[in-house]
Amino acid sequence: MKAQDAARDDAGRDPFTAVVVLSGGMDSTTLLAHFAALRFRLVAVTVEYGQRHRKEIDSARRIAQHYCAEHHVLELAGFGALLTGVALTDDQVAVPDGHFAEEAMRATVVPNRNAVLANLAASVAVARRADLVALGMHAGDHFVYPDCRPAFVDALRHLVAVANEGFAAPRIEAPFMTWSKADIARHGVRLGAPLELSWSCYKGGDIHCGTCGTCYERREAFRKADLFDPTEYLDGVTRFAAPDRTPA
């Protein structure tokens, strides 16, 4: 019997391998650091879906290399080309500036994106008999993105189990689901994650703009965590008020 076969659990999974969805942003960088600290073998999956902020893919490559992770970039550019009217995939739609919880940020919602990314990672995990698929969504994203809620992860777990019944279906883990972005920043710094290599800006420039929703969320996270922000912004000064979400 091979050593790697002996290490498999009763379901035939390799309990020491994690397939991590790595976008190249702060959250997924910290996620990779989290499972590296737990001594998992890391298989990082990045999806090129036609996003205008392609610089995140280059960031993902550097971050995976930092952790000596096996890294794969899956090309789905044709998928993004079909998503007209979405600010992240349609260059005719402006990326909105403002607080990340503003209603205007709905323009940045890529339909079903996390389901697509997670299921691709799950397929890789089944083929590799990896123990788990790791996702980096967190509580702060619940404002705008419907696929960043606990209900989504619960449904995904059920789907992956049913879709792969009889095979070594992986566990689905989203360890930051109840965390704030500031919590993630603290955890990343504590783990020594190379957050300076990560990329958040949706506008696709050479430098973080500092005013789109995801840039502002990044800035606010470091500020609330009382941590040094290693990011260079075109505008690191402008403040946006959080929207009033008190029920009428």
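The values are calculated or read from the model by the stated rules, or taken from the named source; none is laboratory data. This structure is a prediction, so every number in the text was calculated from the model and none was measured. Every residue, glycine as well, gets a Cβ built from its backbone with ideal geometry; the counts of neighbours run over all protein chains shown. For the accessible areas, the whole protein counts, side chains as well, though only heavy atoms, and no ligand, DNA or RNA atoms are used. Shrake-Rupley method; radii C 1.70, N 1.55, O 1.52, S 1.80 Å.
List the residue pairs whose Cβ atoms are under 8 Å apart, where the first residue sits in region 98-124 and is free of Cβ contacts under 8 Å to residues at least 60 places away in the same chain and within 27 Å of E220 (Cβ to Cβ), the second is in a helix (DSSP H, G or I) and open to solvent by 40 Å² or more (accessible area, probe 1.4 Å), and the two are 6 or more positions apart or on different chains.
These pairs meet every condition: V109/P146.
So which residues in region 105-119 are over 14 Å from the mean Cα position of the chain (by Cα) and open to solvent by less than 10 Å² (accessible area, probe 1.4 Å), if there are any at all?
M105, T108
Whether any residue in region 16-26 is in a strand (DSSP E or B) and open to solvent by 40 Å² or more (accessible area, probe 1.4 Å) is what I want to check.
Going residue by residue through region 16-26, those that are in a strand (DSSP E or B) are 16-21.
Among the residues that remain, those that are also open to solvent by 40 Å² or more (accessible area, probe 1.4 Å) are: 16.
Yes, because at least one residue in region 16-26 is in a strand (DSSP E or B) and open to solvent by 40 Å² or more (accessible area, probe 1.4 Å).
Report yes if some residue within region 218-232 is in contact with a Lys or Arg (Cβ under 6 Å, 6 or more places away or on another chain) and surrounded by 20 or more Cβ atoms within 10 Å (Cβ to Cβ); otherwise report no. Please lay out each step first, then the result.
Initially, region 218-232 is screened for residues in contact with a Lys or Arg (Cβ under 6 Å, 6 or more places away or on another chain), giving 221, 225.
Filter once more, so that each one left must be surrounded by 20 or more Cβ atoms within 10 Å (Cβ to Cβ): 221.
Checking region 218-232: at least one residue is in contact with a Lys or Arg (Cβ under 6 Å, 6 or more places away or on another chain) and surrounded by 20 or more Cβ atoms within 10 Å (Cβ to Cβ).
Does T214 satisfy being open to solvent by 50 Å² or more (accessible area, probe 1.4 Å) and either touching a residue at least 60 places away in the same chain (Cβ under 8 Å) or closer than 29 Å to F16 by Cβ (or both)?
In short, no.
All but one of (1) in a helix (DSSP H, G or I); (2) open to solvent by 20 Å² or more (accessible area, probe 1.4 Å); (3) charged (D, E, K, R) hold for R239; state the number of the condition that does not hold.
Every condition holds for R239 apart from (1).
Using the structure shown, decide if G210 is touching a Lys or Arg at 6+ places or on another chain (Cβ under 7 Å), modelled with pLDDT under 95 and either closer than 21 Å to Q51 by Cα or assigned to a helix (DSSP H, G or I) (or both).
Working: touching a Lys or Arg at 6+ places or on another chain (Cβ under 7 Å): yes; modelled with pLDDT under 95: no; either closer than 21 Å to Q51 by Cα or assigned to a helix (DSSP H, G or I) (or both): yes.
In short, no.
Output the number of the condition that V43 fails; it satisfies all remaining conditions of (1) over 27 Å from D229 (Cβ atoms); (2) open to solvent by less than 10 Å² (accessible area, probe 1.4 Å); (3) assigned to a helix (DSSP H, G or I).
Failed condition: (3).
If a residue must be more than 15 Å from the chain's Cα centre (by Cα), surrounded by 13 or more Cβ atoms within 10 Å (Cβ to Cβ) and of a type outside the set (S, T, N, Q), how many such residues does region 162-174 contain?
Counting residues in region 162-174 that are more than 15 Å from the chain's Cα centre (by Cα), surrounded by 13 or more Cβ atoms within 10 Å (Cβ to Cβ) and of a type outside the set (S, T, N, Q) gives 6.
Restricted to region 164-174, and to residues that are touching a residue at least 40 places away in the same chain (Cβ under 8 Å) and assigned to a loop (DSSP other than H, G, I, E, B), which residue is nearest to V43 (Cα to Cα)? Please lay out each step first, then the result.
Filtering region 164-174 for residues touching a residue at least 40 places away in the same chain (Cβ under 8 Å) gives 164, 167-174.
This time we only want the ones that are assigned to a loop (DSSP other than H, G, I, E, B), so: 164, 167-170, 174.
Working: N164: 20, F167: 19, A168: 17, A169: 16, P170: 13, A174: 16 Å.
The selected residue is P170.
Every residue in region 39-86 that is at pLDDT below 95, in contact with a strand residue (DSSP E or B) (Cβ under 9 Å, 6 or more places away or on another chain) and closer than 13 Å to G204 by Cβ, please.
Residues satisfying the conditions are R54, G80.
A quick yes/no check of all residues on (1) in a loop (DSSP other than H, G, I, E, B); (2) farther than 26 Å from D58 by Cβ; (3) among the hydroxyl-bearing types (S, T, Y); (4) open to solvent by 40 Å² or more (accessible area, probe 1.4 Å):
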| site | (1), (2), (3), (4) |
| --- | --- |
| A121 | no, no, no, no |
| D131 | no, yes, no, no |
| A155 | no, yes, no, yes |
| V160 | no, yes, no, no |
| F176 | yes, no, no, no |
| R190 | no, no, no, yes |
| E196 | no, no, no, yes |
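Identify, from the list G50, G78, the residue that is out of contact with any Leu (no Cβ under 9 Å at 6 or more places or on another chain), of a type in the set (G, A, S) and open to solvent by 20 Å² or more (accessible area, probe 1.4 Å). Spell out the reasoning first.
On the way: G50 fails: out of contact with any Leu (no Cβ under 9 Å at 6 or more places or on another chain).
Only one candidate passes the filter, namely G78.
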